[in-house]
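Undergrad: I have a structure I would like to understand better, so I am pasting it below and will then ask my questions one at a time.
The values are calculated or read from the model by the stated rules, or taken from the named source; none is laboratory data. These numbers were taken from a predicted model, which means no experiment stands behind them. When we count neighbours, we look across all protein chains shown, and the Cβ atoms used for this are built from the backbone with ideal geometry, even at glycine. Only protein heavy atoms, including side chains, enter the accessible area calculation; ligands, DNA and RNA are left aside. Shrake-Rupley method; radii C 1.70, N 1.55, O 1.52, S 1.80 Å.
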Amino acid sequence: MEWLYLIIGLVLGLILGGFFINLYYKKGLSKKQKDLQEEAAKAQADSSKILAEAQKEAENRKRELLLQAKEEISKARVELEHDVRDRKQELARERNKLEQKEDNVEKLLVSAENKRNDLEKKYQDVLETEARAKDLERRKAEELERVSGLSIAEARTLVLEAAEREYSHDMATMLKQMEEKTKQDADKIAKDIIVTSIQRYATDYVSEATVSVVNLPNDEMKGRIIGREGRNIRAIETITGVDLIIDDTPEAVILSSFDPIRREIARLTIEKLVVDGRIHPARIEEMANKARKEINQTIKQEGERAAYETGVMNLHPEIIKLLGKLKYRTSYGQNVLQHSIEVCWIAGMMAGELGLDVTFAKRAGLLHDIGKAVDFEQEGTHIELGADIARKYHESPDIINAIEAHHGDVEPQTAVAVLVAAADAISAARPGARRENLETYIKRIQKLEEIATSFDGVEKSYAIQAGREIRVIVSPDKVSDDEMILKARQICKKIEDELDYPGQIKVNIIRETRATDVAK
């Protein structure tokens, strides 16, 4: 029973405790609601106050903006009125100018109308005068016909027949003179074309010997090149195909061969061996192979350079190589590649002056001596070999004819073939182009200077450009500017009478005056 009473007491205690807790919670919640209501009322009052203040401030700002806008509108109205007034004044000035121009135009129109009336009147007067003149001429002709008993046509025929009888000899003489003058002018024009072409392309040649000289650092190197019992020199001659001449010439050996390319390969081989210092048969063969590769590359590059420099395109690769070989080929001391390039330019320039095909002329000029690239290793003349090469690589028949005709072996079939032959002769015959005997050349140059200095007033003379030109310096006290022209003509005449020379020699006379003083 005690446990029962205890349990009942606990249950009653829990019920009473829950009642009092619920009562306390409701009382606290009611207080919080009251506080929240008070805060909400206060916030509403504050927001009403802020809204009222904002409305008041907006009204004030609105009034300020209205006042500012009114001021800007007023200011803009004033500026617009000033602008309108200025434009009106400007328009008034322009209107006055236009009115003045209209007045001037009207005056000009009136003046032009008056002039036109005057001209019409004068024209009528001229017509009347012309009519009177024609009538007078008609009357005079009728009177002449009546007096002479001949018509005008008959009189004209008689006068012309008499004039023909009287002046027929003079007319024939005049026609002959005109014909001769035309021939002279044609000859002069042709010479001018050739001279102009030569002047536009002038180049110097370095005469190359038929043997090559290799310079050595010392004479001891000769013994190393010969080698023990001559094994090195025999190896060089066997591998390169040239003859080595080792004589008493200090610090030099001479290479001799009919083949210029072999000679060049041997020269490069020896130079490489001298620089390397190791000279024995195995090294000689190695250096010769390297030199041969370099020469082949140089040949290709020189052929391409010649084609590019002259503007001759679409050449066969083998012809390019043959052109490069001409770099190592000489003819009478004249480098054949440079000679071919010069002939190309001269022929092209003459063709341009004459209105012919410049491209065709340049191609024929460049290839005219192509046979000389192989004439030292194949049978036949360079003309025959060149024509065969051109046929082999499908050059046109006109190019082949120009190659065959440039020395007169066959008749030229085109005007360009004639030009190529002329250009070849010009390039080969001009002074200094081909090697002369050294003694003869020196004597000719000395004689040229002696002829120039033999005239009075000449102080000094210098032969330059391998004897193609001579510069004469005269004394300004003895020779005047006008006398210079006569002096040049006299020197030219004496050179023509006393000296034998190929081509032309240009005489330049220089007269210089100087004034010298010293500032102290």
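Undergrad: Yes or no: segment 307-314 includes at least one residue that is in a helix (DSSP H, G or I) and of a type in the set (A, V, I, L, M, F, W, C).
TA: yes
Undergrad: ASP398 is checked against (1) under 30 Å from LEU499 (Cβ atoms); (2) open to solvent by 40 Å² or more (accessible area, probe 1.4 Å); (3) in a helix (DSSP H, G or I); (4) not aliphatic (A, V, I, L, M) and fails just one. What number does that condition carry?
TA: (1)
Undergrad: Report yes if some residue within segment 338-349 is over 30 Å from VAL275 (Cα atoms), open to solvent by 10 Å² or more (accessible area, probe 1.4 Å) and either in contact with a strand residue (DSSP E or B) (Cβ under 8 Å, 6 or more places away or on another chain) or of a type in the set (A, V, I, L, M, F, W, C) (or both); otherwise report no. Don't jump to the end; show me each part of the working.
TA: Within segment 338-349, the subset over 30 Å from VAL275 (Cα atoms) is 338-349.
Of the ones still in play, those that are also open to solvent by 10 Å² or more (accessible area, probe 1.4 Å) are 338, 345, 349.
From what's left, either in contact with a strand residue (DSSP E or B) (Cβ under 8 Å, 6 or more places away or on another chain) or of a type in the set (A, V, I, L, M, F, W, C) (or both): 345, 349.
Scanning segment 338-349 turns up at least one residue that is over 30 Å from VAL275 (Cα atoms), open to solvent by 10 Å² or more (accessible area, probe 1.4 Å) and either in contact with a strand residue (DSSP E or B) (Cβ under 8 Å, 6 or more places away or on another chain) or of a type in the set (A, V, I, L, M, F, W, C) (or both).
Undergrad: Now for a separate question. Does segment 273-291 contain any residue that is at pLDDT below 85 and small (Gly, Ala, Ser)?
TA: Yes: segment 273-291 contains one or more residues that are at pLDDT below 85 and small (Gly, Ala, Ser).
Undergrad: Would you pick out the residues in segment 487-500 that are buried (at least 16 other Cβ atoms within 10 Å of the Cβ) and in contact (Cβ under 8 Å) with a residue 40 or more places away in the chain?
TA: ILE491, ILE495 - these are the residues of segment 487-500 that are buried (at least 16 other Cβ atoms within 10 Å of the Cβ) and in contact (Cβ under 8 Å) with a residue 40 or more places away in the chain.
Undergrad: Name the residue, out of LEU67, LEU36, that is modelled with pLDDT of 85 or more, assigned to a helix (DSSP H, G or I) and open to solvent by 100 Å² or more (accessible area, probe 1.4 Å). I'd like the intermediate steps shown before the answer.
TA: Details: LEU36 fails: modelled with pLDDT of 85 or more.
Being modelled with pLDDT of 85 or more, assigned to a helix (DSSP H, G or I) and open to solvent by 100 Å² or more (accessible area, probe 1.4 Å) holds for just one of LEU67, LEU36, which is LEU67.
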